[in-house]
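*Asks:* Quick one: this structure, given as structure tokens, is what I'll be asking you about.
Quick note: the coordinates plus some simple rules give every number you see, no bench work behind them. Remember, it's a predicted structure, so these values are computed and weren't measured experimentally. Every residue, glycine as well, gets a Cβ built from its backbone with ideal geometry; the counts of neighbours run over all protein chains shown.
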Amino acid sequence: MGPAIVTALLLVADWSALERHQRTITRTEFDKLLATVYCTSGAFTNHLSYTTNSVAILSKTNTLFTLHFAPSGISDPRSPIQRIALDPGHIGGEWAQFEQRHFVRGNETY
């Protein structure tokens, strides 16, 4: 299984399912939940790229999803979402190895 198949597997996740949650969480709320609930070590931040109003979730080769933040002080009361959970094992790389979601074939790690 080569890198092309691994890349295809990363793209299998339906990132579009998160579209309905655009602008439902502020950056402050996102950062707080990321630091205190999801990734207290801060290691996942290597896979995030922030702009003023959004955060992009990155794989080694591309942007998997961009979440646009709600304006400060505004949360969408219509949204049933309490948290957005991203599984870094689906992104690959060191997280996949850490979570033992990889396999080795010959000298290659997937």
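*Asks:* Taking the simple approach of a point 7 Å from Cα along Cα-to-Cβ for both ASP14 and SER54, what is their distance in nm?
*Replies:* The two pseudo-label positions are separated by 2.2 nm.
*Asks:* Another one. Taking the mean number of other Cβ atoms within 10 Å as a proxy for protection, how do you rank 22-31, 48-57, 35-44 from highest to lowest? Mind dumping the intermediate values first?
*Replies:* Working: 22-31: 17.1, 48-57: 14.0, 35-44: 12.0.
Highest-to-lowest ranking by the protection proxy: 22-31, 48-57, 35-44.
*Asks:* Shifting gears a bit: I want to check the label-to-label distance for SER72 and LYS32. Put each point 7 Å from Cα in the C-beta direction and report it in nm to one decimal.
*Replies:* Here the answer is 1.4 nm between the modelled labels.
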